[in-house]
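**Student:** Before I ask anything, here is the structure I am working with.
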Amino acid sequence: MRTKATVAVMVLVLVFYAGFIGFRGVGLLRSGSAVGVVLGVALLVLPLLGLLLVWREIDFGRRTTVLAAALEAEGGLPVDNLPRRPSGRVDRAAADGLFATMRAEVEQRPDDWRSWFRLALAYDAAGDRTRAREAARHALALHG
């Protein structure tokens, strides 16, 4: 619940920022100078791009939460019992062992979204966020 509240506050701040910058952009467009118009367009486009990117991240999080809930309801989520370093991060060797297990599962069942989602969790535990997102997107595509 705390994470959702934090995200909501951040989105509200971003919307306020986008509105403020957009207001400045309109002012620059009205200036009539070539530089003012170019800067005004940039000030209108960049906040919209930022809002679009934030929306994509929120939607990705919402959709992967649905997959996690479905997998948990089936009893298919891996147990998070990996050893951790004093910093709280997962021990890399243990994460690599989990990754090898999950990768083998994906190779056995390449069309199963559950396998891909568990692989995404293993990538995340190993600290490879890019591949974790790719595997999660593949799981989302397979889930439909």
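The values are calculated or read from the model by the stated rules, or taken from the named source; none is laboratory data. None of these values were measured; they are calculated from a predicted model. Glycine also receives a Cβ, built like all others from the backbone with ideal geometry; neighbour counts cover every protein chain displayed. Side chains included, ligands, DNA and RNA excluded: accessible areas come from the protein's heavy atoms. Shrake-Rupley method; radii C 1.70, N 1.55, O 1.52, S 1.80 Å.
**Student:** What FRET efficiency do you get for L46 and A8 if R0 is 30 Å and r is their Cβ-Cβ distance, rounded to the nearest 0.05?
**Tutor:** 0.85
**Student:** Given H138, L121, A42, which one lies farthest toward the positive end of the charge dipole of the chain, if we put +1 on the Cβ of every Lys and Arg and -1 on the Cβ of every Asp and Glu?
**Tutor:** Checking the options against the dipole of the chain, the answer is A42.
**Student:** Could you list the residues of region 12-26 with an amide nitrogen less than 19 Å from a label point located 7 Å from the Cα of I58 in the Cα-to-C-beta direction?
**Tutor:** 12-22
**Student:** Where in the chain are the DSSP H helices whose C-alpha atoms run 27 Å or more along the long axis and whose mean Kyte hydropathy is at least -0.5?
**Tutor:** Once both thresholds are applied, what remains is 2-30, 34-73.
**Student:** For E105, E57, E134, give me the order by solvent-accessible area with a 1.4 Å probe, most accessible first, ignoring ligands, DNA and RNA.
**Tutor:** Solvent-accessible surface, decreasing: E134, E57, E105.
**Student:** Moving on. Determine the gain in length on full extension of the stretch S87-L39; use 0.36 nm per residue of separation and subtract their C-alpha separation, reporting nm with one decimal.
**Tutor:** Going from the current span to full extension adds 12.8 nm.
**Student:** While we're here: Identify the trypsin sites (Lys or Arg not before Pro) of region 1-38 meeting these criteria: DSSP loop state and at most 16 other C-beta atoms within 10 Å of the C-beta.
**Tutor:** Filter output for region 1-38: empty list.
**Student:** I'd like the distance between the alpha-carbon centres of region 10-31 and region 98-144, rounded to an integer number of Å.
**Tutor:** Region 10-31 and region 98-144 have Cα centres spaced 39 Å from each other.
**Student:** Counting Lys and Arg as +1 and Asp and Glu as -1, what is the net charge of the other residues whose Cβ lies under 13 Å from the Cβ of A141?
**Tutor:** Taking every other residue near A141 into account, the sum is 0.
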